[in-house]
Amino acid sequence: MSEQTIALVTGANKGIGYEIAAALGGLGWRVGIGARDDQRREAAVAKLRAGGADAFGVPLDVTDDAGVTAAAALIDQQAGRLDVLVNNAGVTGGMPQEPTAVAPATVRVAVETNVIGVIRVTNAMLPLLRRSAAPRIVNMSSSVGSLTRQTDPHGETGPISAAYAASKTFLNAVTVQYAKELHDTPILINAACPGYTATDLNGFRGVRTPEQGAAIAVRLATLPDDGPTGGFFEDAGVVPW
């Protein structure tokens, strides 16, 4: 089995996910590029390899049970274990998202990818992560999922969002439950907020670059053995629940 650190980043063909993969590849890691679009995935792999990263493609739709199972089998075949999982794939769900106007289907789409997809991928990859000496899981969340910030009358938390923001609150809660269950293992699992990053998720209105947005995920992916677990972090430190 290779001594090289093995990582999987979901939704890694563009934006923050791509930059996370690039940064981990820059550390000398072998990085699986999880993405559902074949053409975009292979283009990302080619670009990363051209930049010197040891990247390989992983066909992965986080909403598809069979596809996620196949992705785990591929990583097992390619590397024999997994050291780091970054659950980055996410969607807004669509508009409108005011709670009085949102369609149940919109909420369902956001939760299916942003929460259930994370559970599906994490559970499929856990047998591989358990083979690692220092396994790490990073769930890409958002400060819009912070109930503390959402209820601050002076805070700026973006538009009202009964699907996307609520799905990130849900994801944070799930992250805590994983940490509670895995507390007696070497697996460290945390939620990360990339900040208001310019990506196609927000029509590129964000004020941070994807490289900046990726930094917190890289930090949590490289935590020492005595690092935190079950937390919610951004570049400036802990994000309040």
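Structure summary
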| read-out | value |
| --- | --- |
| Rough spin-label spacing in nm, given labels placed 7 Å along Cα→Cβ, for Trp241 and Leu27 | 2.7 nm |
| Share, in percent, of DSSP beta bridges within segment 6-238 that are antiparallel, nearest 5 | 5 percent |
| Net dipole in debye of the chain [+1 Lys, Arg Cβ; -1 Asp, Glu Cβ; about Cα centre; nearest 20] | 160 debye |
| Cβ-based net charge around Arg81, under 10 Å, with every Lys or Arg adding one and every Asp or Glu removing one | 0 |
| Förster-model FRET efficiency, 35 Å R0, Asp64 and Gln4, C-beta, rounded to 0.05 | 0.80 |
| Selected from Leu223, Leu128, Leu188 as most flexible by GNM, with the chain as the system and alpha-carbon contacts under 10 Å | Leu223 |
| Likely footprinting exposure, Thr122, Thr209, Thr148, fewest C-beta neighbours within 10 Å first | Thr148, Thr209, Thr122 |
| Qualifying lysines (Cα of each under 29 Å from Cα of Lys14; at least 8 residues distant if same chain) | Lys47, Lys168 |
| Percent RCO, i.e. relative contact order, over the chain, from Cα pairs under 8 Å lying at least 6 residues apart | 19 percent |
| Residue order, fewest to most beta carbons within 10 Å, for Val121, Val138 | Val121, Val138 |
| Options (i) 51, 37, 29; (ii) 72, 56, 42; (iii) 52, 40, 32 - which one matches Cα extents along the principal axes in Å as calculated here | (iii) |
| Environment charge of Pro127, counting only residues whose C-beta is closer than 13 Å and scoring Lys/Arg +1, Asp/Glu -1 | +2 |
| Gaussian network model of the chain, Cα within-10 Å springs - most flexible of Ala79, Ala217, Ala21 | Ala79 |
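All of the numbers you see were taken from the coordinates with simple rules; none came from a lab. Predicted model only: the values in this text are computed from it and were never measured. Reconstructed Cβ throughout: ideal geometry from the backbone, glycine too, with neighbour counts over all protein chains shown.
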